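The structure under discussion appears below in the form of structure tokens.
The values are calculated or read from the model by the stated rules, or taken from the named source; none is laboratory data. Since the model is a prediction, treat every value here as computed from it, not as a measurement. SASA here: full protein model, heavy atoms, side chains in, ligands and nucleic acids out. Shrake-Rupley method; radii C 1.70, N 1.55, O 1.52, S 1.80 Å.
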Amino acid sequence: MNARAENRIADRIFAAALLLAGVGALIVSIVLAVRTPGVNGGTFPLIVSASWVLFGILNLIFVFRAKPNAPRGSLSSVLWMMLLLCAVGAALLLHVPFWIVCPVFLFVASFVVLKQRWLPSLIAAAVTTGAVYLVFAVLFRVPLP
């Protein structure tokens, strides 16, 4: 199998895994939100997981419609890089504030792993972090890690 075909398979597997993880997180968040009515600690995971599912759907559509691009590496290297990135991001979130971990994680995922251009990656990471902070820390007054 050539590198481009393997790259497309890796993109599709990752997009499907991202969507499945988002659906799983959404199910758990719904159970958590139903247990306590109103805006509470279950609201943050519910909105984040719903956004995650939406992103997963859009990503899956994009991956299946996109034309093959230059190879980024083997299937296993892309999947291991994303797994490592998620593990490091989750571990850092326990010790480093959200507003530092989130933009760095999003930038690295977009620029390094997905090979997007640096400026759109930087802008998307900053805007996403700002929007999450604005909605939860300012509007809902939910403390972020």
- For LEU20, which of the numbered conditions (1) over 20 Å from ALA131 (Cα atoms); (2) modelled with pLDDT under 80 fails to hold? (2)
- Specify the residue that is farthest from ARG8 (Cα to Cα); the eligible residues are those in the range 106-137 that are open to solvent by 60 Å² or more (accessible area, probe 1.4 Å) and aromatic (Phe, Trp, Tyr). TYR133
- Query: Do the conditions hold for SER51, that is, is it farther than 16 Å from ASP11 by Cα, among the hydroxyl-bearing types (Ser, Thr, Tyr), open to solvent by 50 Å² or more (accessible area, probe 1.4 Å) and modelled with pLDDT under 85?
  - Reply: yes
